[in-house]
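All remarks here apply to the structure that follows.
The values are calculated or read from the model by the stated rules, or taken from the named source; none is laboratory data. The structure presented is a predicted model; accordingly, all values stated were derived computationally and were not measured. So basically every Cβ, Gly included, is an ideal-geometry build from the backbone, and we count neighbours across all protein chains shown. These accessible areas exclude ligands, DNA and RNA; they are computed on the full protein's heavy atoms, side chains included. Shrake-Rupley method; radii C 1.70, N 1.55, O 1.52, S 1.80 Å.
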Amino acid sequence: MASPLQHMVAFVPQHCGVNTGAAAARRCATASAWSRTVAAVAATGVVPLGRGAPCAPPRSGSGLVGATAVGAGAAVATALGRVGASRRPASSVASGVAAVQTSTIEVEDAQLLVELAESARALGVLQQAWNALPAGNGGRNPDLLPRLLASETKIRESMKACSVGDPSETTTIPRHQCRDPVAVAHGEVTRAHIEADLAKAQWEIRSAQAEGAGSWVSAMINSAVLRMRLFDIDGAYEELQQIATAGGGSTDPRFGLLTRYCAQLKAPRHADFLTGEDLTESHARSLMRHIRSVLLENKYQTDMIVTATKAGSMSDFIFVESRADQLEMGLLDNIEESNPMKPETNKPDVPSNLVDIIRIFLLHRVLPLARLGELFGAECVKFLLKLQAISAIDGDACRLVPVPEAVLAVEADNVGYGAFFVMANMTIWPCEEDLLLATDFEQTFSSEGLEPVMYLSEDSLALVCGAPREKASSVLDICCGSGVQGIVALRHYADRATFIDLNPRAIRFTSFNLALNGMSERVDGLHLGNLYTTLQGTPKFDAIVANPPFVPNPQGIASGAGAMFGNGGDFGEDVFAGIVRGTSRLLGPGGRLSVVAMTPNVEDLPGRLKSWYCEEADEGANFQALIFRGLPTPAQQYLPTSSSVETYRYQAAMQRMGVRTLSEVVTVLTVHGPGSSAGPNVGLAGNPRANLWSDHSFLRLVVQRSLFTMINAPVETAQPKTGQQPGDSASSSSSSSGMTNGIRESVAATSDASLTQVNRSKVVAADVPPKQVPVEQPATQRAAKADDRSREGSLPGFQVGFFPAYCQEPLAGWEATAEELEQIQHRSPVLQR
């Protein structure tokens, strides 16, 4: 599936052709980037499958070595013929294959690895040939160029027959750590293909510049696009700035789009991001309070933003690059002066300042720097510049202005601010009534030394709504990301909070968000590191909230789970399981754990959860957990993949692990006091609920209040009063204890029996004895359609199905839910007591 970067490169010709002059004719003759050297590789007869593997020398009759080639032309001819010497370094396909024992590779995989290794080496030879080719038509050996182009075409044609998909059709190189040999080999061919195309583009630049032709600009734009496909953002930025310095690019429609996008990708990656100012210093706290007040005074809150932009929900802002134009049109439409010839009714009163605030911090648009000064004041602008939270840019080339230069411009010109423009390096999300949370924009991709911090997705908001809010002296936010869960806890029910994450960038964002919301002084710790080693010896907490990585990623195949915040390990539960194991050490008596995750084979989760907890708990583990779950998504529809080979290998691996379905889950676990002898009790709460994560009414009215039921539940388990209905799903072997005396909105666990078909059609949220009515499973369940699963949009490292909850608004308002609860109360003698 395409990413925002992939959408960007799709804007230019796929093979980056030069569109003017003689170069255009040459490009038309080479629409593919594959070369004839595959034939030469095949002719050698020996293919290396590991380090030190023998490689036969090229045959003299390979047809690629020109007998009369001399000088630079000879270098090209030699490169074309030097198959045995063209092996890639330690990161190559051959090295990757060596890491897997041959005995474990199936016969068909072994043959496929041979073919992919041949192609990667052949493309490496082709890259060398383009690098060695003299500018122009080949120097003193003019037949080299046509032969090179013919070689290129033949390789491309041969690779189209790859049984797991043409590697040239994968738009960007894989960046994640993968252990599947076929996926690794396929990705190396994609890399080799793009690198060969880049070498060709560099030759075209040299040739056009030597001839004094203006086509070098178009060729360099092609080169910049190829660098972006390699995630060489710095290299692409430098080439685009070189074009701008030379005064080129004005006639190429790609130039303006690419320069802005490249600057947006580069700026957030600065080493000093969110570290240039001490947020604990009094002046910094004052400026943060002012920024917050400006945002809230201009109604920068969820309801107003959704209304002003005519968005369906805040989920529309997650993958905003593909929706920004539509959202901006809705925004501008709401602030247009009324037309007396076309009267409108119920038009929202949108503050004019809100428009530009939304444009820069949600739609990722560019504003004049002076306009930001009008909104927040010069001191706040300089403060944000020093933090690298925003970046000043210069002109159509979007040159990133160094911070000292931008600050000096603000100080020297308090009106025009040096005529610079500005863009945000982070997005700011409204949450709850008055909270503000900064995160990375979705296009910030993971790479060596940088892991992005996740936006407020559906699972984040589901935990915000569903985590119980009973009073807590201390709360621990595990896998804190932006710190949203702990900050919501401080806003509503917690006195103090501790945050922990493995990602240094997450700690920076959490620190910023605490300062933005005026909560820095209520923090006991911001910890970078592992849950077990970092929190050794800390006092026990009253509550833990956790939104761990949960995407199943067997052998690291799926690029959609490549980011740290998504990768849940092979089965998807590595971090989830680790959190539950540590619960007995981290929670005191009566403490609670609230977790959101997407879990495989949810019907077996109670047993797994019980075993995780008991691994490290003392003998006689004493806890209770309710698991609220959504409708299961068939594993075949869950595809966090970005290429045909990933999809094929991912599905095969999931089948081998026995993953049948994946379900949205919100789990609430509470630890019993020392005097209790209830033992471990884990159960599924009711039947699966459609769109669990987006049904905020249910999460607030039922899940959030389920703690009352568990706390007041007696030890004895009542027997069911009705027989099991056909088609009812049995609970896990861990039975749930009776749950009387709870509030009506709590749902007890499902057991082997359920009530009548009439009651099964109702939403149940009651403190009924165990074996009670499951939560409604509506008759009008929607089938999971492929186009529904594309709600995630396109993002580097994120693919269709990553969050298959379809980003919809709550299915019903609280009034409807309350009415159903009232009806249930009148029918239930337990609830009438």
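So the values come out like this:
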read-out: Breaking point among (1) closer than 30 Å to residue 705 by Cα; (2) touching a Lys or Arg at 6+ places or on another chain (Cβ under 7 Å); (3) open to solvent by less than 40 Å² (accessible area, probe 1.4 Å), for residue 473; value: (3)
read-out: Yes/no for residue 369 being at pLDDT 95 or above, among the aliphatic types (A, V, I, L, M) and out of contact with any Phe, Trp or Tyr (no Cβ under 9 Å at 6 or more places or on another chain); value: no
read-out: Some residue of the stretch 648-666 being under 29 Å from residue 464 (Cβ atoms), out of contact with any helix residue (DSSP H, G or I) (no Cβ under 7 Å at 6 or more places or on another chain) and modelled with pLDDT of 90 or more; value: yes
read-out: Enumeration of residues in the stretch 169-215 that are open to solvent by 20 Å² or more (accessible area, probe 1.4 Å) and either of a type in the set (Val, Ile, Thr) or in contact with a Pro (Cβ under 6 Å, 6 or more places away or on another chain) (or both); value: 171, 184
read-out: Cβ-Cβ under 6 Å pairs, at least 6 apart or on other chains, the stretch 236-261 side more than 19 Å from residue 420 (Cβ to Cβ), far side surrounded by fewer than 20 Cβ atoms within 10 Å (Cβ to Cβ) and modelled with pLDDT of 95 or more; value: none
read-out: Positions within the stretch 117-165 being within 22 Å of residue 226 (Cα to Cα), of a type in the set (D, E, K, R) and in contact (Cβ under 8 Å) with a residue 12 or more places away in the chain, in sequence order; value: 121, 152, 154, 156, 157
read-out: Residue that is nearest to residue 274 (Cα to Cα), among those in the stretch 487-519 that are outside any helix (DSSP H, G or I) and in contact (Cβ under 8 Å) with a residue 60 or more places away in the chain; value: 503
read-out: Check on residue 276, of a type outside the set (Ser, Thr, Tyr) and at pLDDT below 95; value: yes
read-out: Restricting the stretch 107-141 to residues that are open to solvent by 10 Å² or more (accessible area, probe 1.4 Å) and not in a helix (DSSP H, G or I), the residue that is modelled with the lowest pLDDT; value: 139
read-out: Filtered residue count, the stretch 216-230, keeping only those that are part of a helix (DSSP H, G or I) and either aliphatic (A, V, I, L, M) or open to solvent by 20 Å² or more (accessible area, probe 1.4 Å) (or both); value: 10
read-out: Checklist (1) over 17 Å from the mean Cα position of the chain (by Cα); (2) touching a residue at least 60 places away in the same chain (Cβ under 8 Å) applied to residue 522, failing item; value: (2)
read-out: Selected residue (criterion: nearest to residue 376 (Cα to Cα)) from residues of the stretch 421-454 that are hydroxyl-bearing (Ser, Thr, Tyr) and open to solvent by less than 10 Å² (accessible area, probe 1.4 Å); value: 427
read-out: Number of positions in the stretch 350-374 that are over 19 Å from residue 263 (Cα atoms), within 31 Å of the chain's Cα centre (by Cα) and either without any contact (Cβ under 8 Å) to a residue 24 or more places away in the chain or open to solvent by 20 Å² or more (accessible area, probe 1.4 Å) (or both); value: 2
read-out: Pairs with Cβ under 7 Å, 6+ apart, first in the stretch 189-204 and within 11 Å of residue 226 (Cβ to Cβ), second assigned to a helix (DSSP H, G or I) and basic (Lys, Arg); value: 194/229; 198/227
read-out: Some residue of the stretch 564-581 being closer than 12 Å to residue 669 by Cβ, touching a residue at least 60 places away in the same chain (Cβ under 8 Å) and of a type in the set (A, V, I, L, M); value: yes
read-out: The stretch 256-306: number of residues that are in contact with a strand residue (DSSP E or B) (Cβ under 7 Å, 6 or more places away or on another chain), under 30 Å from residue 347 (Cβ atoms) and of a type in the set (S, T, N, Q); value: 2
read-out: Some residue of the stretch 496-504 being among the small types (Gly, Ala, Ser), open to solvent by 10 Å² or more (accessible area, probe 1.4 Å) and modelled with pLDDT of 95 or more; value: no
